[in-house]
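Here the structure comes first, spelled out in structure tokens, and everything after it is commentary.
The values are calculated or read from the model by the stated rules, or taken from the named source; none is laboratory data. All figures in this text were calculated on a predicted structure; none of them were measured in a lab. So basically every Cβ, Gly included, is an ideal-geometry build from the backbone, and we count neighbours across all protein chains shown.
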Amino acid sequence: MLKSEVRAHLEQKILPFWEKLKDEKRGGFYGYMDEDLRLRKDADKGCILNSRILWTFSAASRVLRREDLREYADHAYDFLSRFEDPVNGGVFWSVTCDGKPSDTTKHTYCQAFAVYGLAAYYRLTGKEETLEKAMALFRTIETKCRDEKGYLEALKADFTPESNEKLSENGVMASRTMNTLLHVLEAYAELQRACPSEAVRKAGREGMEQALATVYNPEKRRMEVFFDNDFRPILDMQSYGHDIEGSWLLYDAAETFMDGDELEPYRRMCLDLLESSTERAFTDHGLNYEIVAGKVNTIRAWWPQAETMLGFEFGWRMTGDRSWTERMRAQWDYIRRVTVDPREGSEWFNELREDGTSLGKPMVEEWKCPYHNGRMCLRLTEAELPEDV
């Protein structure tokens, strides 16, 4: 049964790999390992990676009811303070291996993931200090990382704007991005579940309305990815991984912030994103990455493969159509056969070509983490799936 398979994979492959990256000497978790499994202990440690590790072990300890995993959540939580700016507030992008400020950029995306990790840790521990930190970061995002048009992107340490190289690609420099809004909403939904707040709910509802009205393009059946300062799209692009991730994630946020008939337009949007990305990108050997100006990128990055599973589970949950569970089984078989690194003590490959050969990307870096695949396993462990899947 798929549920038992993904739980076993989480407990036997994913979590043990990240447990071994715990830096006992300097705190936190090591920030870099190459594809040959060579650890670079002197590498900087990214706040996004640390926050995602905090979320993963917090959620895993709670969902799996494994008290032994809490020590890793505690360890990540203790190190998160190294990213905090005691002068201006917020969290830095990265610190050195021993916890000194390195890249002092204050990116909205990064603030959101710190909230996400803290909210999960609060759900596990009930520590009031943790909730206070999460709410302080929420207020920072709402007062310093947005304007009347929506969420900003990269900011300097004092929260004045700077260029957004970190979340721009494909030859454009975006003033606004779908990706930042998506994960602010994810963080706020987790915070709202941890401790309901009218302020968080209001901000979440406003963000959801912007996702529906501005980011979602119903004519092209996709989310636009990169925008200018006025939220006008600046690139003809569909990110298949983000659309399939957004399908279930945005509906999850909608269910958290909204009630009753308010959910219907979000259900329609999210099903359209799922169906569009599935029709255009899903093959019998994984999910294509993106299409830019008509050119398909067939790289098999690790994270869209995991998000595909959750998108298909969302499709099954919304429609009851068994074709979604059949796709889940096919995708899981592909992941186990191709995406998972068979080497002892390893995890998932970072990026592969369409034929399954590796591009040699690191096994651990500031973006490569246990969040996408760990979250996939945790959500499917709790999902209501047919026993014959």
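No other residue among S358, S323 is in contact with an Asp or Glu (Cβ under 7 Å, 6 or more places away or on another chain) and among the hydroxyl-bearing types (S, T, Y) apart from S358. Filtering F159, F79 for residues that are closer than 25 Å to F57 by Cβ and of a type in the set (A, V, I, L, M, F, W, C) leaves a single hit, F79. For segment 142-166, the set of residues classified as at pLDDT below 95 and acidic (D, E) consists of E162, E165, listed by residue number. When we screen D74, D85, D68 for residues that are of a type in the set (D, E) and touching a strand residue (DSSP E or B) at 6+ places or on another chain (Cβ under 8 Å), the only hit is D85.
The set of residues from segment 173-198 being among the aliphatic types (A, V, I, L, M) and farther than 13 Å from Q210 by Cα comprises M173, A174, A187, A189, L191, A194. For segment 269-286, the set of residues classified as in a helix (DSSP H, G or I) and crowded, with 19+ Cβ neighbours inside 10 Å consists of M269, C270, L273, L274, S276, S277, T278, A281, listed by residue number. For segment 15-44, give me each residue that is aliphatic (A, V, I, L, M) and in contact with a strand residue (DSSP E or B) (Cβ under 8 Å, 6 or more places away or on another chain). Passing the criteria: L21, M33, L39. If a residue has to be out of contact with any helix residue (DSSP H, G or I) (no Cβ under 7 Å at 6 or more places or on another chain) and closer than 28 Å to S163 by Cβ to count, how many in segment 174-208 make the cut? Of the residues in that region, 3 qualify.
Within the set R52, R62, the sole residue that is within 30 Å of P386 (Cβ to Cβ) and touching a residue at least 40 places away in the same chain (Cβ under 8 Å) turns out to be R62.
The residue that is modelled with the lowest pLDDT, counting only those in segment 167-202 that are over 26 Å from V63 (Cβ atoms) and part of a helix (DSSP H, G or I), is L167.
For segment 215-255, the set of residues classified as surrounded by fewer than 21 Cβ atoms within 10 Å (Cβ to Cβ), touching a residue at least 24 places away in the same chain (Cβ under 8 Å) and polar (S, T, N, Q) consists of N229 only. If you filter segment 333-389 down to residues that are among the aromatic types (F, W, Y) and not in a loop (DSSP other than H, G, I, E, B), you find that the one that is farthest from L37 (Cα to Cα) is Y334. Here F113 qualifies as under 15 Å from N50 (Cβ atoms), buried (at least 19 other Cβ atoms within 10 Å of the Cβ) and modelled with pLDDT of 95 or more.
Considering only residues in segment 120-176 that are under 23 Å from G204 (Cβ atoms) and among the acidic types (D, E), the one that is surrounded by the most Cβ atoms within 10 Å (Cβ to Cβ) turns out to be E153. Checked against the criterion of being under 21 Å from F79 (Cα atoms) and in contact (Cβ under 8 Å) with a residue 24 or more places away in the chain, the candidates D23, D34 yield just one match: D23.
One line per residue, one yes/no per condition, for (1) touching a His at 6+ places or on another chain (Cβ under 7 Å); (2) among the polar types (S, T, N, Q); (3) crowded, with 21+ Cβ neighbours inside 10 Å:
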{"position": "F57", "(1), (2), (3)": "no, no, yes"}
{"position": "S61", "(1), (2), (3)": "no, yes, yes"}
{"position": "R70", "(1), (2), (3)": "no, no, no"}
{"position": "A73", "(1), (2), (3)": "no, no, yes"}
{"position": "N88", "(1), (2), (3)": "no, yes, no"}
